[in-house]
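None of the figures in this text is laboratory data; all of them are computed from the coordinates on show. In this text, all values refer to a predicted model and were calculated from it rather than measured experimentally. For neighbour counting, all protein chains shown are included, and Cβ atoms are generated from backbone atoms with ideal geometry for every residue, glycine included.
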Amino acid sequence: MVFEIKGKVALITGGASGLGLSHAKELLRNGLKGVTLADVNENFGKTALDEIEKEFGKERAIFVKTDVTVREDFENAFEKTVEHFKNVDILVNNAGIFNDAIWEKEIAINLNGTIHGVILGLENFLKNHKQDSEAVILNTSSIAGVAGLDLFPIYSATKFAVSGITKSWGLPFHYNRSHVRVVCICPGSTNTPIFQDDSSLLFKEYAKILPIPIETVGLSAQKYVLYYLYYHCVVIDFQT
């Protein structure tokens with residue numbers, strides 16, 4: 001069964017920039033009714049709302065300041081979404097950082113934040129506030145969560161974990177009781193605010209193994225989002 005985007009409502013974490021904002025715009029271009037941009041960066045949030053209003057008109061998006069590592073913050077983002085749009089049908093667990101130098105925070109955002117989203121969506125908000133018979137949670141893993149990255153072992157571990165929870169929560173037992181489809185994508189490298197420089201490495205000497213300068217890694221997120229969605233990602237879906 002094909003999930004119909006038109007008329008639906010989405011909540012996107014890390015939605016104020018990079019891939020999250022690209023997801024929001026592409027969903028709106030394909031008929032999405034409205035979207036909540038849940039992000040910690042209020043300045044990015046204001047700019048993102050201005051961009052969306054200019055292209056799609058007013059009342060298509062709201063911004064909710066959200067730290068995904070804090071369950072109450074995430075819950076508030078869902079509540080604001082339902083309050084404003086009356087429904088919520090799609091959760092994109094996109095928030096993440098790519099910084100092994102602060103690996104405790106990296107684990108908290110990339111893994112704990114994703115778990116918060118799945119639990120809140122699967123057990124409450126998507127389950128109880130979807131418009132039609134089915135809702136979707138899209139987790140963002142990475143190629144690093146399939147093959148691993150020698151430069152970023154801890155980041156890779158978080159993305160392996162995201163793939164693992166998707167495989168587990170995506171099994172029929174959970175779908176049959178919630179009618180929430182849990183899938184994930186595993187895109188390749190993109191040039192977004194998530195990536196900085198060699199200060200993101202656990203040890204700077206790791207950069208010596210790169211055959212090219214570390215700052216040249218990646219592509220434009222705006223140009224890359226559709227490319228990876230259709231040609232260059234791994235999709236994990238256990239309800240098909």
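Some values worked out for this structure:
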{"item": "Region 6-76 - Debye-derived log10 I(q)/I(0), Cα point model, q = 0.18, 0.20, 0.23, 0.27 Å⁻¹", "result": "-0.59, -0.72, -0.93, -1.22"}
{"item": "Rounded Å value of the spacing that divides the Cα centres of region 50-110 and region 123-137", "result": "17 Å"}
{"item": "Cross-link partners of LYS130 among lysines (Cα-Cα below 28 Å; sequence separation of 8 or more within a chain)", "result": "LYS6, LYS8, LYS25, LYS33, LYS46, LYS54, LYS58, LYS65, LYS80, LYS86, LYS159, LYS167"}
{"item": "Packing-based order for 99-108, 139-148, using average beta carbon neighbours within 10 Å, highest first", "result": "139-148, 99-108"}
{"item": "Karplus-derived HN-Hα couplings along region 153-161 (A = 6.51, B = -1.76, C = 1.60, θ = phi - 60°), whole Hz, x at Gly and Pro", "result": "x, 6, 4, 4, 4, 5, 6, 4, 5"}
{"item": "For ILE137, distant residues with modelled amide H under 5 Å away", "result": "LEU91, ARG181, VAL182, VAL183"}
{"item": "Cβ crowding within 10 Å averaged over residues, with 44-51, 55-62 ranked highest first", "result": "44-51, 55-62"}
{"item": "Relative contact order computed over region 34-74 (Cα-Cα under 8 Å; 6+ residues apart), in percent", "result": "47 percent"}
